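Only one structure is covered here, and it is reproduced in the block below.
The values are calculated or read from the model by the stated rules, or taken from the named source; none is laboratory data. For clarity, every value in this text was computed on a predicted model and none was experimentally measured. With ideal geometry, Cβ positions are generated from the backbone for all residues, glycine too; neighbour counts draw on all protein chains shown.
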Amino acid sequence: MKIDILMATYNGEKFLREQIDSILEQSFSDFRLLISDDMSKDSTREILNEYVKKDSRVVVFLQNKNLGTVQNFEFLMQKVESEYFMFSDQDDIWQKDKIKKSLAKMEETECDLVYTNLQVVDQQLNLVNASYWKLKGFEKKVKKHNNFASLYLNNYITRKYHASQIQMVR
């Protein structure tokens, strides 16, 4: 099974290498990392070119006009060829088994979407909170409604932090 990982970048030079490295070092390795740069003005494009040369799984698209975050991710979604895909922010760090565990959960439950918890860290990777779900009270809300429907209906998916049980976000 192959998976596509979608990353939209814009002026991400500060943390980009760490995130790309964390993806390329995954225990599950049958993926393509599709990156679309939205006309960065810093060294993001140079960094991306380095990774294209280093690893054939990295595919980069350089936009010639600024699309904005949503349209940049929509562009990437049009490039998906695999059965499954995952979103990645440019400033996250994925723990080594993120893809493997996410795919295993999808196969185990035969679901179409995996949304899980995350750890919140600061810019020096010091743990700020071990559970975004607990921080935001998601567990109480799920128990109150006795199901996960409230997560879908109330849009608890993070905006500032993208979710993953095994991911650290700055």
- Item | Residue satisfying all of: in region 64-95; farther than 18 Å from residue 10 by Cβ and among the polar types (S, T, N, Q); surrounded by the fewest Cβ atoms within 10 Å (Cβ to Cβ) among these | 78
- Please work out which one of (1) at pLDDT below 85; (2) on the phi < 0 side of the Ramachandran plot is the condition residue 42 fails and give its number. (1)
- Message: Any residue at all in region 110-124 that's over 16 Å from residue 20 (Cα atoms), of a type in the set (S, T, N, Q), part of a strand (DSSP E or B) and not assigned by TED's automatic domain parsing to the domain that holds residue 12?
- Response: yes
- Item | Candidate set: region 24-62, residues that are charged (D, E, K, R) and under 21 Å from residue 73 (Cβ atoms); chosen: the one surrounded by the fewest Cβ atoms within 10 Å (Cβ to Cβ) | 41
- Query: Among the residues of region 2-17, is any modelled with pLDDT under 95, outside the structural domain of residue 123 (by TED's automatic domain parsing), over 21 Å from residue 125 (Cβ atoms) and among the charged types (D, E, K, R)?
  - Reply: yes
- All conditions in (1) touching a residue at least 60 places away in the same chain (Cβ under 8 Å); (2) farther than 30 Å from residue 139 by Cα are true of residue 90 except (2)
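If I ask for residues that are part of a loop (DSSP other than H, G, I, E, B) and in contact (Cβ under 8 Å) with a residue 60 or more places away in the chain, which ones from region 1-30 would you list?
Within region 1-30, the subset part of a loop (DSSP other than H, G, I, E, B) is 1-2, 10-15, 25-30.
Listed by number, the residues that qualify are 1, 2, 10, 12, 14, 15, 25, 26, 27, 28.
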- Message: If I ask for residues that are among the β-branched types (Val, Ile, Thr), touching a Ser or Thr at 6+ places or on another chain (Cβ under 6 Å) and modelled with pLDDT of 85 or more, which ones from region 84-125 would you list?
- Response: 93
- List the number of the failed condition for residue 67; all other conditions in (1) at pLDDT 95 or above; (2) touching a helix residue (DSSP H, G or I) at 6+ places or on another chain (Cβ under 8 Å); (3) over 17 Å from residue 99 (Cα atoms); (4) not basic (Lys, Arg) hold. (1)
- Find the residue count for region 31-47, including only residues that are of a type outside the set (S, T, N, Q), in contact with a helix residue (DSSP H, G or I) (Cβ under 8 Å, 6 or more places away or on another chain) and outside any loop (DSSP other than H, G, I, E, B). 6
- Message: Six or more apart or on different chains, Cβ atoms under 6 Å: show the pairs whose first residue is in region 38-54 and farther than 18 Å from residue 69 by Cα and whose second is surrounded by fewer than 13 Cβ atoms within 10 Å (Cβ to Cβ).
- Response: none
- Apart from one, (1) in the same structural domain as residue 20 (by TED's automatic domain parsing); (2) under 18 Å from residue 3 (Cβ atoms); (3) polar (S, T, N, Q) all hold for residue 69; the odd one out is (2)
